[in-house]
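Structure, as structure tokens:
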Amino acid sequence: MPQRKCASKRLRVDRTKKLHNLSVKSDLKKELKNMRHLIAEGKIAEAKEKMGLVFAKLDRAATKGLIHKNTAARRKSGIALKLNKKA
């Protein structure tokens, strides 16, 4: 247990941030998975519409520090590559 008042507050804040970060990460993973399924099924028009949303979520996660910026860039590049290959 924390000894000081500020340490106990920091613990509460960290728990809240952890829960928020986990929800953002899981949402991002769901979007990436859905995007991959759309590409695999050949629904190129839907995938192109959804691509902007997925890219925005990746950029936001990288900006907030949830994932590394190079990881976001690599995932965006991979999605674009698969989409262009199918189209």
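The values are calculated or read from the model by the stated rules, or taken from the named source; none is laboratory data. What you are looking at is a predicted structure, and each value in this text was computed from that prediction instead of being measured. Methodologically, a virtual Cβ is constructed for each residue, glycine included, from the backbone with ideal geometry; neighbour enumeration extends over all protein chains shown. Ligands, DNA and RNA are stripped out before the accessible areas are found, and what is left, the full protein with its side chains, is counted by its heavy atoms. Shrake-Rupley method; radii C 1.70, N 1.55, O 1.52, S 1.80 Å.
Summary of values
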{"item": "All positions within the stretch 23-37 that are open to solvent by 100 Å² or more (accessible area, probe 1.4 Å) and more than 22 Å from Asn84 (Cβ to Cβ)", "result": "Lys29, Lys30"}
{"item": "Filter result (open to solvent by less than 70 Å² (accessible area, probe 1.4 Å), within 20 Å of Lys17 (Cα to Cα) and either touching a residue at least 24 places away in the same chain (Cβ under 8 Å) or among the acidic types (Asp, Glu) (or both)) within the stretch 48-65", "result": "Lys57, Leu58, Asp59, Ala61"}
{"item": "Only one of Ala40, Ala7 that is over 23 Å from Leu81 (Cα atoms), out of contact with any strand residue (DSSP E or B) (no Cβ under 8 Å at 6 or more places or on another chain) and surrounded by 10 or more Cβ atoms within 10 Å (Cβ to Cβ)", "result": "Ala7"}
{"item": "Any hit, the stretch 34-52, residues being modelled with pLDDT of 95 or more and under 10 Å from the mean Cα position of the chain (by Cα)", "result": "no"}
{"item": "Hits in the stretch 23-47 (condition: without any contact (Cβ under 8 Å) to a residue 40 or more places away in the chain and among the aliphatic types (A, V, I, L, M))", "result": "Leu28, Leu38, Ala40, Ala45, Ala47"}
{"item": "Cβ pairs under 7 Å, 6+ apart, first in the stretch 66-87 and open to solvent by less than 80 Å² (accessible area, probe 1.4 Å), second among the acidic types (Asp, Glu)", "result": "Ala72/Asp59"}
